[in-house]
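Take a look at the structure set out below.
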């Protein structure tokens, strides 16, 4: 308990990772409405859209329209995502914040299915991207290690393997003179548990005590919030999550792959543990209700259905 | 982490608390099928039915038929529940194990709505019941403290108030010469969080170091499995839970009151933390799939939808 952070930085993934996993064409105006509701609740950073192939993610074809239509607040970071050079150039046309993303996968099979690259090709691509970011005046950004705890194809990923892939990504950033702003351990398919979280966070911290560790947790198998708690108790202070528990992953090898941990449930956990988030939980719950209305089907989150407890 | 129990005793509540919260008439044969599937998975104790007013819980009207039709295994405890003398006499007609239940509520408002009694009436009733158990040769049994962490009517319940109500129940057992076999802290409406779990478990342990503390957790607000983990880390080794996350509570003052934590998710958490349960997780997941088919609507559990992870 002694290592609890005083404050946690929440990155909301619903508008990007959540909407991206929805099949139907959600109107741009609805997406904007949700982003604005999330911003009004005090969420400090929102992943708003991704610039990827409209074939792979048809829901993201209106990324530039979202950017154009959004009323932005000064105290919120409106970010976006891409997977290659082309996507980055498109993202540059937007008003979004462009985090210098360097990503890879602990599972080579997942990388092959999700990014259609070998580990070597992934490293080459990331090196090129990282140089491109610098050429465009973008400094340090986060490193994302997908399937850090395991994947449905390869099962549990050994810590040594995850560390090998992480070190390749960290090296790309360091060699470029732009050390990572954080190292995200992503439980892309819900393979983690509190023991694995502790083990890998410890390994990353021991290897790179100077870098911030962050968690991107999915609740595929019901342990998401327990994994988040394990992270909080280690002092992890940066989490991706998604309002109402929206989301999923089309390449997780599992039709029932669930979304990220629900933002409002992580915020409640933080509140109860005395950790600040800067978020108005009641407003965030309203945003989750809004999100469910927009997607038009039940979202997995529980708190937004039950409502806030009286005290 | 050092206080983790080596083994956890799981009490399955699905057939009783789960079915009880379902509106439609589920065929007795289906209920029996689920109980037998749970037993086959290695669940050591199953709450099979309750002997309560058919008006309040119409789904439980066939409690004696379930008892009659069930093929019982020697290594499983098939238990049942009641709330008053009449229910106890009915339960005696069954083949079920009769645990000497002594129960009360930390929230007086919840007690009034759920049991229609004042705290004084509840103590009187429990004292009479406890004497009745002894007259019928039943020794020590568990104490159940409902709404131990709070309720939707009164908000958070102070530890002092919860301890006051718990001590009344413990005293009934001790004065009768049958000290409690365990003290169940029940998060009836999902008011708990890891901090409250630690605080109350510590208080109960400090006051009664000789008695086993047990947890009955609902996942109303998404923190159920984090609360279970907090319990495990304190060495709590007895948990009620419900297959697929079935259940709810009609008197929780909240239509969306969710069920117990999903048995299969707690079992996976235990497995991952190196804690034995004696349960075959793959078979338990099959039982959850069966339970969902029987109730005919989506159950909240996630693991049984995603399936087991490969390693």
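The values are calculated or read from the model by the stated rules, or taken from the named source; none is laboratory data. As the structure is a computational prediction, the values presented were derived from the model and not from experiment. In this analysis, Cβ positions are derived from the backbone assuming ideal geometry, glycine residues included, and neighbour counts consider all displayed protein chains.
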Is it true that residue B:116 is under 16 Å from residue B:87 (Cβ atoms), free of Cβ contacts under 8 Å to residues at least 60 places away in the same chain and touching a helix residue (DSSP H, G or I) at 6+ places or on another chain (Cβ under 6 Å)?
no
Report yes if some residue within segment A:66-76 is crowded, with 19+ Cβ neighbours inside 10 Å, closer than 23 Å to residue A:188 by Cα and in contact with a strand residue (DSSP E or B) (Cβ under 7 Å, 6 or more places away or on another chain); otherwise report no.
no
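For segment A:289-302, what are the residues that are free of Cβ contacts under 8 Å to residues at least 60 places away in the same chain, within 11 Å of chain B (Cβ to nearest Cβ) and either closer than 20 Å to residue A:9 by Cβ or within 19 Å of the chain's Cα centre (by Cα) (or both)?
Once the filter is applied, which keeps residues that are free of Cβ contacts under 8 Å to residues at least 60 places away in the same chain, within 11 Å of chain B (Cβ to nearest Cβ) and either closer than 20 Å to residue A:9 by Cβ or within 19 Å of the chain's Cα centre (by Cα) (or both), segment A:289-302 yields only A:301.
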The lone exception for residue A:106 - which of (1) assigned by TED's automatic domain parsing to the domain that holds residue A:160; (2) more than 18 Å from the chain's Cα centre (by Cα) it fails:
(2)
Inspect segment A:172-188 for any residue being on the phi > 0 side of the Ramachandran plot, within 14 Å of chain B (Cβ to nearest Cβ) and over 21 Å from the mean Cα position of the chain (by Cα) and give the result as yes or no.
no
Selection over segment B:193-226 where residues are buried (at least 20 other Cβ atoms within 10 Å of the Cβ), under 20 Å from residue B:156 (Cβ atoms) and facing chain A (nearest Cβ under 9 Å) yields a count of 10
Going by what's in this entry, would residue A:128 be described as closer than 18 Å to residue A:81 by Cα, part of a helix (DSSP H, G or I) and either away from every other protein chain (no Cβ under 14 Å) or touching a strand residue (DSSP E or B) at 6+ places or on another chain (Cβ under 7 Å) (or both)?
yes
Looking at residue A:109, is it on the phi > 0 side of the Ramachandran plot, within 14 Å of chain B (Cβ to nearest Cβ) and at pLDDT 95 or above?
no
In segment B:272-308, the residues that are closer than 18 Å to residue A:298 by Cα, in contact with a helix residue (DSSP H, G or I) (Cβ under 8 Å, 6 or more places away or on another chain) and not in a helix (DSSP H, G or I):
B:298, B:299, B:300, B:301, B:302
Away from chain B (no Cβ under 14 Å) and out of contact with any strand residue (DSSP E or B) (no Cβ under 9 Å at 6 or more places or on another chain) - does that describe any residue in segment A:141-162?
yes
Any residue in segment B:132-139 that is within 25 Å of residue B:53 (Cα to Cα) and part of a strand (DSSP E or B)?
no
Of those in segment A:227-236 that are under 15 Å from residue A:202 (Cβ atoms) and without any contact (Cβ under 8 Å) to a residue 60 or more places away in the chain, the residue farthest from the other protein chains (Cβ to nearest Cβ) is A:231
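Quick one: which residue in A:189, A:143, A:201 is in the same structural domain as residue A:232 (by TED's automatic domain parsing) and modelled with pLDDT under 95?
Exactly one of A:189, A:143, A:201 is in the same structural domain as residue A:232 (by TED's automatic domain parsing) and modelled with pLDDT under 95, namely A:189.
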Please state which of the following conditions residue B:60 fails to meet, knowing it meets all the rest: (1) under 20 Å from residue B:103 (Cα atoms); (2) surrounded by fewer than 21 Cβ atoms within 10 Å (Cβ to Cβ); (3) over 15 Å from the mean Cα position of the chain (by Cα); (4) touching a residue at least 40 places away in the same chain (Cβ under 8 Å).
(2)
